[in-house]
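Written below as structure tokens is the structure these notes are about.
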Amino acid sequence: MTKPALRSGLYAITDSSLLPDDRIVDAVEQALAGGAVMIQFRDKRPTGSLKRRTAFSLRDCCRSYGAPLIINDDIGLAAEIAADGVHLGQEDASLEEALQRLGPDAIIGATCHDSLAYAEKVAGNPADYVAFGRFFPSKTKDSAPSAPLSVLRDSGHLPVPRVAIGGITVDNAPQVIDAGAELVAVIHGLFATPDIRRQAQAFTNLFNSN
């Protein structure tokens, strides 16, 4: 496996409380058809047979569109299904453990909240992208610490793409893109809409117009 190149655009993140098991693969395919450049499988339930089957199905779906599949917080599941990488919060397993278990061709993402210092510490070694946020009120993680747009403006020197997350919609996404975000991570602003493909296209068009 060769490490996929990270493209600017929509980073779609699933939510098991928002997408039932029988809808998640179809929803992700709609997002990919609308232009999503990367998918994160975020399911906080314990890993079981259903979760594994879903992860395998998402992996195959993403591969058919040439988009990386990232597993949230579960290095073991990422390794088991040969996902493209893993995303880890600061309270999860270490980034170094992810690199050791998944190998140098895996994409490793790091949650940095509002900390430029932490992003500078991990960017490029071992993190392949850094995620800042939340920037706006979030339905998924309303207790997450807020981050100012200035952290994006001040992080342009980092050697890896920057992801903006937290309450992002089509209407407010231009703020984080203009501040420097190469990717916007979206959950409710995408998967809670009646036409996921069209909504993904709307996010994608924000990048195409820049």
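Does the range 69-79 contain any residue that is more than 24 Å from PRO161 (Cβ to Cβ), free of Cβ contacts under 8 Å to residues at least 40 places away in the same chain and out of contact with any strand residue (DSSP E or B) (no Cβ under 9 Å at 6 or more places or on another chain)?
Kept after step one, since they are more than 24 Å from PRO161 (Cβ to Cβ), are these residues of the range 69-79: 76.
Within this subset, residues satisfying the condition of being free of Cβ contacts under 8 Å to residues at least 40 places away in the same chain are 76.
Restricting the remaining residues to those that are out of contact with any strand residue (DSSP E or B) (no Cβ under 9 Å at 6 or more places or on another chain) gives 76.
Yes.
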Search result, residues across the range 105-134 that are assigned to a loop (DSSP other than H, G, I, E, B) and farther than 15 Å from LEU6 by Cβ: ASP114, SER115, ASN125, GLY133, ARG134
Sole exception among (1) out of contact with any helix residue (DSSP H, G or I) (no Cβ under 7 Å at 6 or more places or on another chain); (2) surrounded by 13 or more Cβ atoms within 10 Å (Cβ to Cβ) for SER150, by number: (2)
Residue in the range 37-46 that is surrounded by 13 or more Cβ atoms within 10 Å (Cβ to Cβ) and farther than 20 Å from ALA131 by Cβ present: no
Qualifying residue in the range 98-117 (condition: buried (at least 22 other Cβ atoms within 10 Å of the Cβ), more than 18 Å from ASP15 (Cα to Cα) and out of contact with any helix residue (DSSP H, G or I) (no Cβ under 9 Å at 6 or more places or on another chain)): yes
Positions within the range 28-61 being touching a Lys or Arg at 6+ places or on another chain (Cβ under 7 Å) and free of Cβ contacts under 8 Å to residues at least 60 places away in the same chain, in sequence order: ASP43, ARG45, LYS51
Criterion: touching a Leu at 6+ places or on another chain (Cβ under 9 Å) and of a type in the set (Ser, Thr, Tyr) - qualifying residue of SER16, SER64: SER64
For LEU88: the one exception among (1) buried (at least 19 other Cβ atoms within 10 Å of the Cβ); (2) on the phi > 0 side of the Ramachandran plot; (3) not acidic (Asp, Glu): (2)
Selection count, the range 135-191, where residues are within 19 Å of LEU19 (Cα to Cα) and assigned to a loop (DSSP other than H, G, I, E, B): 10
Residues within the range 42-57 that are of a type in the set (A, V, I, L, M), at pLDDT 95 or above and over 10 Å from ILE81 (Cα atoms), tallied: 0
Residue within the range 92-99 that is at pLDDT below 95 and among the small types (Gly, Ala, Ser) present: yes
Residues (surrounded by 19 or more Cβ atoms within 10 Å (Cβ to Cβ) and more than 17 Å from the chain's Cα centre (by Cα)) located in the range 175-200: ALA179
Evaluation of GLY35 against (1) outside any helix (DSSP H, G or I); (2) within 15 Å of the chain's Cα centre (by Cα); (3) of a type outside the set (Phe, Trp, Tyr); (4) more than 15 Å from LEU190 (Cβ to Cβ) (one fails), failing number: (4)
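Specify which of the listed residues (ASN210, ASN205, ASN172) is modelled with pLDDT under 95 and surrounded by fewer than 22 Cβ atoms within 10 Å (Cβ to Cβ).
From the options ASN210, ASN205, ASN172, the qualifying one is ASN210.
The values are calculated or read from the model by the stated rules, or taken from the named source; none is laboratory data. Values in this document were obtained by computation on a predicted structure and should not be read as measured data. Neighbour counts run over all protein chains shown; Cβ positions are idealised from the backbone, glycine included.
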